[in-house]
Amino acid sequence: EELQGCEERYEQLLKEKLEILKSATDSVAAEILQLEESILHINNQKREIEEAVSAGDQALKVAKDVQSSLKSADGWSTFDMLGGGWIASMAKHEHLDEAQHKVELLQIKLRKFRTELADVKISADMKVSIDGFTRFADFFFDGLFMDWMVADQISQSQKQVALTTLQIEEAIERLEKLQAKAEKDKEHLQKQLEELVVRS
C-alpha cells in the first residue's frame, strides 16, 4: 500500500529535478538541453517516417487494385482469343478502363509518396490504355492478330505495375527499418537523460 503510485511519484520528481537542473548554467544543464534537442529531432523524424509509410501504404493499395483489374482484363483477353467474341471484348475493355482510372489515382498517390520521401525513386510513368485504332480494330475486325496485340499490351502493363508494386514495397520496408531505428535511438537518449538527472 505504501508503494502505491510510487512510479508516478518517481516520474514527477524526475521532471521537477530536470527543470531545476535545466535552469542552472553549468555543463549538466547544457548536456540536458542537448539530449532534449536530440529527442525532439528524433520525434520529428519519426513523424515524417510515419507520414511517408502512410502515403506508401495508400499507393500500395491502389497498385494492387490496378493489378487486380489487369488480371481480370487478361482473363477476358484469353477468352477473347479463344473465340469469346463481342462480349469478351466488351468485358476486357471495361476492365482496362477501370485499370486506367486506377493508374491515374496511383500516379497521384505516388506523387504524394515521393513528396514524403524524396530519396526513393518510384516509377509513375505508366500507360494502360489501348490507343483508339487498336480498340476499334479489336471490336470490328475481331481476329486473332488484334486480340494478340491487345493481350501483349495487357501483359506489358502487368509487368510495369508489378515492378512499381515491388518498388513501393521495398521503399516501405526501408522506412519501417528507419522507424525501428529511430524508436531505438529515442529510447537510448531518454535513458541517458534519466541517468543524467538521477546522478546529478
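The values are calculated or read from the model by the stated rules, or taken from the named source; none is laboratory data. In this text, all values refer to a predicted model and were calculated from it rather than measured experimentally. Here Cβ is always computed from backbone atoms with ideal geometry, including for glycine, and neighbour counts include all displayed protein chains. Heads up: the accessible areas ignore ligands, DNA and RNA and are worked out on the full protein's heavy atoms, side chains in. Shrake-Rupley method; radii C 1.70, N 1.55, O 1.52, S 1.80 Å.
Could you check segment 33-54 and list, in sequence order, the residues that are open to solvent by 60 Å² or more (accessible area, probe 1.4 Å) and either without any contact (Cβ under 8 Å) to a residue 60 or more places away in the chain or more than 24 Å from Glu173 (Cβ to Cβ) (or both)?
Leu33, Gln34, Glu37, Leu40, His41, Arg47
Any residue that is part of a helix (DSSP H, G or I), open to solvent by 90 Å² or more (accessible area, probe 1.4 Å) and either out of contact with any helix residue (DSSP H, G or I) (no Cβ under 6 Å at 6 or more places or on another chain) or at pLDDT 60 or above (or both) - is there at least one of those in segment 117-133?
Within segment 117-133, one or more residues are part of a helix (DSSP H, G or I), open to solvent by 90 Å² or more (accessible area, probe 1.4 Å) and either out of contact with any helix residue (DSSP H, G or I) (no Cβ under 6 Å at 6 or more places or on another chain) or at pLDDT 60 or above (or both).
For Leu14, state whether it is touching an Asp or Glu at 6+ places or on another chain (Cβ under 9 Å) and assigned to a helix (DSSP H, G or I).
The answer is yes for Leu14.
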